[in-house]
Amino acid sequence: MVTHKKDFRDHLQKEFIKRCQKNPKYSLRAFAKQLNISHATLSHVVRGKRPLTAHTILYLAQGLELKPRELAQFHIPRERTSHKTIEKLKFTPIEIDTFEVVSDWYHDAILELTKVKQFRGDPRWIAKVLGVSTKQVRTAVKRLQRLNLLKINSAGTWVDESTFNTTIKSTFTTTALRKYQRQVLQKACRALEEIPFEKRDQSSVTFPIHLQDFPKAKKMIKDFRRKLCNSLKREDVPPEQVYQLSLSFYPLTNVEAAV
């Protein structure tokens, strides 16, 4: 049975139309900015005046945050000079697993939950604790095992074998991390409404900075995160809960636009 591949240009056009329907003020220029491509180039691609190479499809797919499985549904042109690019588009099951682990918040949560003293190696219990479906938990557990991030020994003990997931590199790591951070921000909004004040801490500060100090600020935030995690570890008593720390640091002003 021959499976016909989808046309990527058609998908690009439909995606633009869908965004315009959600926001009447949305423009092709805004779409180009989000895809990190020039407005003129995107205009030519959408209108069929510029050919879609394998390299261009891969680049735009990352901007659209397509999963490897989703990208595999499209026809990829096989040019003589793009053998290396074509190879990049052939994702292995391990690469797809890696994408899912990096992009969905509950993978990390399951690993950290194994260290809680009340932990039970029961997908239904984990699902209830995390507020996700049992199917999601079962799939995530199998994925974590395949990537050797989680070990379940013969005695039924669950052991977190992972290191920092941010060290995992793949073609779609950036896309996966964007998806992950979006989920974290959404959960932070829910916590603001659903979690009692005494069990959470959400605050912000507004202050001016020198732009040259931004890299310094990022490093300080990174160091703070790791220092906080290490300082709260106790070897004698297992923890009771899994918490999520989310820090947002971004420019609140656009002074250049007002000049």
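Listed values, structure above:
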quantity: Residue satisfying all of: in the range 28-67; over 25 Å from the mean Cα position of the chain (by Cα) and in a loop (DSSP other than H, G, I, E, B); farthest from F99 (Cα to Cα) among these; calculated: K49
quantity: Cβ pairs under 8 Å, 6+ apart, first in the range 29-42 and of a type in the set (V, I, T), second surrounded by 14 or more Cβ atoms within 10 Å (Cβ to Cβ) and not in a helix (DSSP H, G or I); calculated: T41/R50
quantity: The listed residue being surrounded by 10 or more Cβ atoms within 10 Å (Cβ to Cβ), over 21 Å from E112 (Cα atoms) and of a type outside the set (S, T, Y), out of D223, D213; calculated: D213
quantity: Test for K5: is it at negative phi, surrounded by fewer than 15 Cβ atoms within 10 Å (Cβ to Cβ) and touching a His at 6+ places or on another chain (Cβ under 6 Å); calculated: yes
quantity: Residue within the range 152-163 that is at pLDDT 75 or above, among the β-branched types (V, I, T) and assigned to a loop (DSSP other than H, G, I, E, B) present; calculated: yes
quantity: The range 140-155, residues that are in contact with a Phe, Trp or Tyr (Cβ under 9 Å, 6 or more places away or on another chain), free of Cβ contacts under 8 Å to residues at least 40 places away in the same chain and more than 11 Å from V101 (Cα to Cα); calculated: K151, I152
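For (1) at pLDDT 85 or above; (2) among the aliphatic types (A, V, I, L, M); (3) closer than 26 Å to S248 by Cβ; (4) surrounded by 10 or more Cβ atoms within 10 Å (Cβ to Cβ), each residue gets a yes or a no:
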position: T166; (1), (2), (3), (4): no, no, yes, yes
position: T174; (1), (2), (3), (4): no, no, yes, yes
position: L192; (1), (2), (3), (4): yes, yes, yes, yes
position: R200; (1), (2), (3), (4): yes, no, yes, yes
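The values are calculated or read from the model by the stated rules, or taken from the named source; none is laboratory data. As the structure is a computational prediction, the values presented were derived from the model and not from experiment. Using ideal geometry, Cβ is built from the backbone for each residue, glycine included, and neighbour counts are taken over all protein chains shown.
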